[in-house]
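A.B. asks: Okay, handing you the structure first.
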Amino acid sequence: MSAAALPAPPAMPAPATRLAWLDALRGIGSLAVVGEHMLPWFLPELRPFWFNLGIYGILVFFLVSGYIIPVSLERHGDVRAFWVSRIFRLYPLYLSVIVVMLAVSWWVPVREAVPRDGSAVAAHATMLLDVVSVGGVADTMWTLSYEMVFYLLVTALFLIGAHERSGSLSVLFAAGAVVVGLVASGAVLVGVWPAYVSCAVFVVGLACVMGGRLRTFCACALGVMAVVLLAFSSRVPWLGIAVVAVMFAGTAIHRWERGAGPLWPVAVTTALVVIAPVWAIESGWWWVRADVWLTTIALAGATFAGGMLLRGRRVPRVLVWLGLISYSLYLVHHPLLKYFVAVSGDLRAAEVPYQLVMIALAMALMLGLSALTYRYVEKPMQQLGRRVSDRGRRHRPGSGMAGRPPRHDEVLGHEERQVPGGVRHGDTVG
């Protein structure tokens, strides 16, 4: 995310090469998150404390999502097609993980952060978990909240023709993170009602956006709701706003690459995000100390810049493969680690050779299961989503997007098959 580390805009590489480096970054991000969650349970002595391995991976995911997701929407020229692809991309595996975790909750109970009432159902239905202060059934699901917020904002901005102001938006959100960090110690809107209200608005609003009736008005209403939730009902408001700033910075980098915008907003955003938690009232976690936070951001930015710099070269196939299964790996690894430890017992005091063997076994299980869920859950549902989207296009004379017809190209098809929603975010987030 550091502007100084980014290379000058080069000649555009071939689409396959360009997408390969994005896959590689997602692979790196997913491994970092797995490492953050695995090391404390298996080999705590190796866990780094001079930067946060998990936040580093998540920031890489968010930069990738910010870089590519708005472009996917713009190339579609069709909001309905965009949301069909997002829904079929995110929800099948997400719901599958929830069902499995609830089914085996008699063995490994669902964590206490998940409310035992209807608000949990409402929050999981929208994926707006963290921005309504509801814990996810799987610990890593919190990042999907910010992917969803970003989608809602990007949709509204695209419909009103403000989607090219990514640099200004990244600076605005970064400044908001600093301000909110100074004045808010946590959520202002508390209780179960933010989850219920946001679910109702989300369902009705998204139905209108996809159906075409009152599309722009409903998209703007969803965007406003997303910002309000982000600032007033998030579990950690400054962090949520900073995350959205990072995603818009990723978009600004893409526009700079295309010669459609300057790079200085990325530098300003980086500086503001770096100082956002320094005076934050709710700061107290080890990873928001100034030195750790700065190092984590610098490493994430350097990784993304390195990916851009090397994108014209061949990418290791293992990283590309990890990028393809990154959404599966991101969602399934933490539940699987819980089940693994429930069987193996506490490994923290075991002999190092035994710990290493168990790490290798756990990694094999996580990668194997992620490959299976990608092959038999993600990929078929993405293909189904494309068929649904194509069928919808054939039945409509135009896209309904600012008078522009839908556009198809080889690059977009590849992006929609491979870009995670979450990591990514979820990616992911995604």
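The values are calculated or read from the model by the stated rules, or taken from the named source; none is laboratory data. This one's a predicted model, so the numbers in the text were calculated from it and none came from an experiment. Quick reminder, even Gly has a Cβ in these numbers, built from the backbone with ideal geometry, and neighbours come from all protein chains shown.
A.B. asks: Please go through the range 321-341 and pick out each residue that is among the aliphatic types (A, V, I, L, M), in contact with a Phe, Trp or Tyr (Cβ under 7 Å, 6 or more places away or on another chain) and in a helix (DSSP H, G or I).
C.D. replies: Of everything in the range 321-341, those that are among the aliphatic types (A, V, I, L, M), in contact with a Phe, Trp or Tyr (Cβ under 7 Å, 6 or more places away or on another chain) and in a helix (DSSP H, G or I) turn out to be 324, 331, 337, 341.
A.B. asks: Based on this model, can you work out whether residue 242 counts as under 17 Å from residue 82 (Cβ atoms) and within 21 Å of the chain's Cα centre (by Cα)?
C.D. replies: So residue 242 fails the test.
A.B. asks: Next up: So how many residues does the range 227-252 have that are more than 13 Å from residue 178 (Cβ to Cβ) and either of a type in the set (A, V, I, L, M, F, W, C) or not in a helix (DSSP H, G or I) (or both)?
C.D. replies: So the count comes out to 16.
A.B. asks: Hey, among 202, 232, 158, which residue is aromatic (Phe, Trp, Tyr), surrounded by 19 or more Cβ atoms within 10 Å (Cβ to Cβ) and within 19 Å of residue 122 (Cα to Cα)?
C.D. replies: 202
A.B. asks: Does residue 298 qualify as being farther than 28 Å from residue 83 by Cα, modelled with pLDDT of 95 or more and either assigned to a helix (DSSP H, G or I) or not hydrophobic (A, V, I, L, M, F, W, C) (or both)?
C.D. replies: Taking the combined requirement at face value, the residue satisfies it.
A.B. asks: List every residue pair whose Cβ atoms sit under 6 Å apart, with the two residues 6 or more apart in sequence or on different chains, where the first one lies in the range 92-113 and is under 15 Å from residue 334 (Cβ atoms) and the second, anywhere, is of a type in the set (Asp, Glu) and part of a helix (DSSP H, G or I).
C.D. replies: 93/378
A.B. asks: Only one of (1) of a type in the set (A, V, I, L, M, F, W, C); (2) assigned to a helix (DSSP H, G or I); (3) closer than 28 Å to residue 376 by Cα; (4) modelled with pLDDT under 95 fails for residue 110. Which number is that?
C.D. replies: (2)
A.B. asks: If you don't mind, another one. For the range 115-151, name all the residues that are touching an Asp or Glu at 6+ places or on another chain (Cβ under 9 Å) and assigned to a loop (DSSP other than H, G, I, E, B).
C.D. replies: Matches in the range 115-151: 127, 135, 136.
A.B. asks: Yes or no: the range 104-127 includes at least one residue that is surrounded by 22 or more Cβ atoms within 10 Å (Cβ to Cβ), of a type in the set (A, V, I, L, M) and under 30 Å from residue 19 (Cβ atoms).
C.D. replies: Scanning the range 104-127, I find at least one residue that is surrounded by 22 or more Cβ atoms within 10 Å (Cβ to Cβ), of a type in the set (A, V, I, L, M) and under 30 Å from residue 19 (Cβ atoms), so the answer is yes.
A.B. asks: Here is a further query. Any chance the range 153-166 includes a residue that's part of a helix (DSSP H, G or I) and either over 30 Å from residue 254 (Cα atoms) or β-branched (Val, Ile, Thr) (or both)?
C.D. replies: Yes, that holds for at least one residue.
A.B. asks: Moving on to the next point. Given the structure, is residue 64 in contact with a Lys or Arg (Cβ under 9 Å, 6 or more places away or on another chain) and crowded, with 18+ Cβ neighbours inside 10 Å?
C.D. replies: Here the answer is yes, as residue 64 does meet what is asked.
A.B. asks: Taking the condition assigned to a loop (DSSP other than H, G, I, E, B) and more than 20 Å from residue 56 (Cα to Cα), does residue 188 pass?
C.D. replies: Considered against the rule, which asks whether it is assigned to a loop (DSSP other than H, G, I, E, B) and more than 20 Å from residue 56 (Cα to Cα), residue 188 comes out as yes.
A.B. asks: Continuing with this model, one more query. Could you give every pair whose Cβ atoms fall below 8 Å, whose first residue belongs to the range 28-55 and is within 17 Å of residue 295 (Cα to Cα), and whose second residue is basic (Lys, Arg) and surrounded by 18 or more Cβ atoms within 10 Å (Cβ to Cβ), counting only separations of at least 6 or pairs across chains?
C.D. replies: 29/424
A.B. asks: Do you know which residues across the range 191-226 are hydrophobic (A, V, I, L, M, F, W, C), outside any helix (DSSP H, G or I) and within 21 Å of residue 134 (Cα to Cα)?
C.D. replies: Result: 192, single match.
Quick grid of which residues meet (1) at positive phi; (2) of a type in the set (Phe, Trp, Tyr); (3) buried (at least 23 other Cβ atoms within 10 Å of the Cβ):
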residue	(1), (2), (3)
56	no, yes, yes
69	no, no, yes
74	no, no, no
90	no, no, yes
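A.B. asks: Between residues in the range 206-233 that are under 24 Å from residue 81 (Cβ atoms) and residues that are of a type in the set (D, E, K, R) and crowded, with 22+ Cβ neighbours inside 10 Å, which pairs lie under 6 Å by C-beta distance while being six or more apart or on different chains?
C.D. replies: 210/80
A.B. asks: Tell me, yes or no, whether the range 47-58 has at least one residue that is within 20 Å of residue 255 (Cα to Cα) and modelled with pLDDT of 95 or more.
C.D. replies: Among the residues of the range 47-58, not one is within 20 Å of residue 255 (Cα to Cα) and modelled with pLDDT of 95 or more, which makes the answer no.
A.B. asks: For the range 329-354, give me the residue count where each residue is aromatic (Phe, Trp, Tyr) and surrounded by fewer than 18 Cβ atoms within 10 Å (Cβ to Cβ).
C.D. replies: The qualifying residues number 2.
A.B. asks: Continuing with this model, one more query. Right, residue 411: surrounded by 15 or more Cβ atoms within 10 Å (Cβ to Cβ), at pLDDT below 50 and assigned to a helix (DSSP H, G or I) or not?
C.D. replies: yes
A.B. asks: Of everything in the range 251-280, what is of a type in the set (S, T, N, Q) and touching a Phe, Trp or Tyr at 6+ places or on another chain (Cβ under 8 Å)? Give them in sequence order.
C.D. replies: Scanning the range 251-280 gives 251, 269.
A.B. asks: For the range 125-183, what are the residues that are on the phi < 0 side of the Ramachandran plot and among the hydroxyl-bearing types (Ser, Thr, Tyr)?
C.D. replies: 126, 140, 143, 145, 146, 151, 155, 166, 168, 170 - these are the residues of the range 125-183 that are on the phi < 0 side of the Ramachandran plot and among the hydroxyl-bearing types (Ser, Thr, Tyr).
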